[in-house]
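Please read the structure below before turning to the comments.
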Amino acid sequence: MVEPMNTAPPRFICFGDQLLEGGAGVRFDVIGPLGQGTAFVVRYKGSVLGYLNQCRHVPAELDWVPGQFFDDSGLYLVCATHGALYEPRSGVCLSGPCKGKGLFPIVVEEREGKVYWIPSERIYPAG
Ligand code: FES
């Protein structure tokens with residue numbers, strides 16, 4: 001029987017009230033499938049959502065201005081490089097060069113006013 005790998009404990013990312021509905025997100029460093037990079041959390045329709053900060057078109061971060069993940073409407077996550085639009089809850093690209101592909105989700109939870117990231121074997125803390 002193969003023992004499961006240990007994963008890191010939940011990591012505090014930010015306070016819940018730092019994430020405004022459709023507003024700026026919070027970035028943090030991770031090691032993901034392509035090596036060192038960042039992930040982010042945002043608030044959408046009341047929930048905190050988190051993804052690897054990596055477009056599915058080419059391996060570029062989504063935000064040119066750090067933390068600006070939503071388009072002007074506040075309804076879609078947008079890649080600043082070529083304008084791909086992602087549906088926030090599913091992470092699926094609805095329009096743009098990576099249409100039909102999805103962002104890599106990360107597990108996040110909000111409790112007692114704090115937002116935590118739950119690392120996995122695939123996406124884990126950088127240091
Ligand atoms: S790099 Fe994101 S749409 Fe091209």
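Quick notes on this structure:
- First in the stretch 58-84 and at pLDDT below 95, second anywhere and exposed (fewer than 13 other Cβ atoms within 10 Å of the Cβ) and in a loop (DSSP other than H, G, I, E, B), Cβ under 6 Å, 6 or more apart: Pro59/Leu34
- Any hit, the stretch 50-58, residues being surrounded by fewer than 20 Cβ atoms within 10 Å (Cβ to Cβ) and under 14 Å from the mean Cα position of the chain (by Cα): no
- Residue that is farthest from the ligand (Cβ to nearest atom), among those in the stretch 90-106 that are touching a residue at least 24 places away in the same chain (Cβ under 8 Å) and more than 11 Å from the chain's Cα centre (by Cα): Gly102
The values are calculated or read from the model by the stated rules, or taken from the named source; none is laboratory data. Treat the numbers as computed from the prediction; the structure is a model and nothing was measured. Heads up, the Cβs are rebuilt from the backbone with ideal geometry, glycines too, and the neighbour counts pull from every protein chain shown.
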